[in-house]
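Engineer: Just dropping this structure here.
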Amino acid sequence: MHEYSIVAALVERVEAEAALQGARVVRRLKVQIGEAAGVEVELLRSAYELFRAGTLCAGAELEIESVPVLWACSCCGALPERGGVLRCPSCALPLSMVRGDDLTLRQIEMEV
Amino acid sequence: MCDSCGCGDPEIVTVEIQERILAGNARTAAHNREHFAAHGVLAVNLMGSPGSGKTALIEATARAYAARGEAPRIGALSGDLDTDLDGERLRAAGIPALTITTGSACHLDAKLVHQALHRMRDWHDLDILFIENVGNLVCPAVYDLGQTVNVVALSVTEGADKPLKYPVIFRVADAVALTKIDLLPHLPEVDLDQIARALARTMPEPRSFAISARDGSGVPAWIDWLEAKRVKAPVISVRALAEASHGH
């Protein structure tokens, strides 16, 4: 599905960085995938396997850290019960998602 | 190449990036957002399953405004894998519409919208631009298009557990259009309270409009919400207009 276009964006960014550093080979990518980011980790891995052939990332290991979701009240900091209504039990304000909805490229390891 | 001892072994360099993978899309989306704000266009990213009633909702919106004697200029960008069928339908209803054919892509992205704006004459003069996304409850949620608001169309025939099965798209929704309510007499098992409870578990600020595009029920309240969103659009300075129109 859209995991393929996410891999394309990832590899493009990595290749740009490699060009900046004068790198010939990329060894490892470290990414963080939020559990609520709308991306399926295993599909991302499959898309990566397909996409990396013939690119600078052909031999690069993809390390994926999954980030769990955290909802909290931005006013009083209270945490909700899992699967419950997304309102603060104390303030009755709507909760905010503190973590878990991002897709981040953290680090690239390259050979120069 | 190792510089210290000339051994010829490659040197390993680790670079900290800490960037969003979709930063490129986010930049184009911000650019689109500036354009919309500069011209006072309320851009609605309208998402939902195939057949959830997105196109019908746009048609019903235009009819309801006309019935009120109000005529905000409404236009649409219609995203589909193939055909111009939705675009044709909308134009036949008097709504200027441009189709974005994605080929195999299951979602619109900011770049496709940006390119479409270049092709759509006079979008600057619109008051409301509906961006009808590809029918899909998974992928569109991930891509910022530069919209002012996100709306998810959910028809009563789809089942009350949809929000729980597809939490990401409902979480990013500013409002849910609960469509096809004229079918409720044929759907005794559908419980609107159950749907409301599912939305409360996936949307921090649940907001939904029970609508029938066919008979118009519920559309006035939906239009009131759109009007409130239009009024809140920022006042544009001459400088902002100049900056937003660079070379376009």
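Throughout, read-outs are computed from the coordinates displayed, never taken from laboratory work. If you're wondering where the values come from, they're calculated on a predicted model, not measured in any experiment. Here the Cβ positions follow ideal geometry from the backbone for every residue, glycine too, while neighbour counts run over all protein chains shown.
Engineer: Using only Cα atoms and rounding to the nearest 10 degrees, what angle (0 to 90) does helix B:192-202 make with the longest principal axis of chain B?
Structural biologist: Relative to chain B, helix B:192-202 is tipped by roughly 20 degrees.
Engineer: Another one. Have a look at region B:76-176 and give its Rg and Dmax from the Cα atoms, expressed in angstrom.
Structural biologist: Looking at region B:76-176, its Cα Rg and Dmax stand at 13.9, 41 Å.
Engineer: In the Gaussian network model of chain B, springs joining C-alpha atoms below 10 Å, which of B:Arg89, B:Arg119, B:Arg63 carries the largest mean-square fluctuation?
Structural biologist: B:Arg119
Engineer: Turning to a different aspect of this structure: Considering the dipole of region B:66-135 built from charges on the beta carbon (Lys and Arg +1, Asp and Glu -1) around the Cα centre, which of B:Gly103, B:Gly69, B:Val113 is farthest to its positive end?
Structural biologist: It is B:Gly69, whose Cα lies furthest towards the positive end.
Engineer: Under a point-charge model restricted to the Cβ atoms of Lys and Arg (+1) and Asp and Glu (-1), what is the dipole moment magnitude of the protein assembly as shown relative to its Cα centre, in debye to the nearest 20?
Structural biologist: Numbers: 35 positive and 47 negative charges, 189 e Å.
That gives a dipole near 900 debye.
Engineer: Let me spell out the model: positive unit charges on the Cβ of Lys and Arg, negative unit charges on the Cβ of Asp and Glu, origin at the Cα centre of chain B. What dipole size does that give, in debye rounded to 20? If you can, show how the numbers build up before the last one.
Structural biologist: Numbers: 24 positive and 31 negative charges, 141 e Å.
Charge dipole, chain B, about its Cα centre: 680 debye, nearest 20.
Engineer: Once amide H atoms are placed 1.01 Å from N in the peptide plane, what residues at a sequence separation of 5 or more from B:Leu178, or on another chain, have their amide H within under 5 Å of its amide H?
Structural biologist: Excluding prolines and chain starts, which carry no amide H, the hits are B:Leu154, B:Phe209, B:Ala210, B:Ile211.
Engineer: Only helical DSSP H runs with n ≥ 4 go in: add -39500 (n - 2.57) per run for chain A, normalise by residue count and round the 222 nm mean residue ellipticity to 500 deg cm²/dmol. If you can, show how the numbers build up before the last one.
Structural biologist: On the way: 2 runs with 30 residues, N = 112.
Result for chain A: -9000 deg cm²/dmol, rounded to the nearest 500.
Engineer: A further question follows. Can you give the angle from 0 to 90° between the axis of helix B:219-231 and the longest principal axis of chain B, with both taken from C-alpha atoms, to the nearest 10?
Structural biologist: 40
Engineer: In degrees between 0 and 90, to the nearest 10, how far off the longest principal axis of chain A does helix A:3-21 point, with axes built from Cα atoms?
Structural biologist: Helix A:3-21 sits roughly 60 degrees off the main axis of chain A.
Engineer: Right, here's the next one. Which whole number gives the average count of other chain Cβ atoms within 10 Å of the Cβ atoms across peptide A:102-109? Let's see the in-between values first.
Structural biologist: Working: counts 3, 6, 7, 7, 4, 5, 5, 4.
So the per-residue partner count for this stretch is 5.
Engineer: So, one more: Using the 10 angstrom Cβ neighbour count as an exposure proxy, how do B:Ile12, B:Ile223 rank, fewest first? Can you show the working numbers first?
Structural biologist: Details: B:Ile12 14, B:Ile223 19.
The most exposed by this proxy come first: B:Ile12, B:Ile223.
Engineer: Counting other beta carbons within 10 Å of each residue's own, what order do B:Leu145, A:Leu105, B:Leu85 fall into, fewest first? Walk me through the intermediate numbers first.
Structural biologist: Details: B:Leu145 26, A:Leu105 21, B:Leu85 12.
Starting with the residue having the fewest Cβ neighbours, the order is B:Leu85, A:Leu105, B:Leu145.
Engineer: Whole-Hz ³J(HN,Hα) for each residue in region A:69-76, computed from phi via Karplus 6.51 cos²θ - 1.76 cosθ + 1.60 with θ = phi - 60°, x for glycine and proline: what do you get?
Structural biologist: Ordered by residue, 3J(HN,Hα) equals 6, 9, 9, 8, 7, 6, 8, 10 Hz.
Engineer: Which residue, B:Asp127, B:Asp224, B:Asp86, tops the fluctuation ranking in a GNM of chain B built on C-alpha contacts under 10 Å?
Structural biologist: Residue with maximal mean-square fluctuation among B:Asp127, B:Asp224, B:Asp86: B:Asp224.
Engineer: Then there's this: Given charges of +1 on the Cβ of Lys and Arg and -1 on the Cβ of Asp and Glu, with all other atoms neutral, how large is the dipole of region A:42-110 about its Cα centre, in debye to the nearest 20?
Structural biologist: Working: 6 positive and 9 negative charges, 63 e Å.
Its charge dipole is roughly 300 debye.
Engineer: Restricting the calculation to Cα positions, tell me the Rg (one decimal) and the Dmax (whole number) of region B:1-64 in Å.
Structural biologist: 24.7, 78
Engineer: Would you be so kind as to identify which of B:Leu192, B:Val142, B:Gly159 lies farthest towards the positive end of the dipole of region B:13-234, taking Lys and Arg as +1 and Asp and Glu as -1 on Cβ and the Cα centre as origin?
Structural biologist: B:Val142
Engineer: Per the Cauchy relation, a quarter of the hull surface: what is the mean projected area of the convex hull of the alpha carbons in chain A, in nm²?
Structural biologist: Details: hull surface 32.9 nm².
Its average projected convex-hull area is 8.2 nm².
Engineer: Obtain the radius of gyration and the Kirkwood radius of region B:13-234 from its C-alpha atoms and give Rg over Rh. The partial results should precede the final answer.
Structural biologist: Numbers: Rg = 17.3 Å, Rh = 17.8 Å.
My calculation puts Rg/Rh at 0.97.
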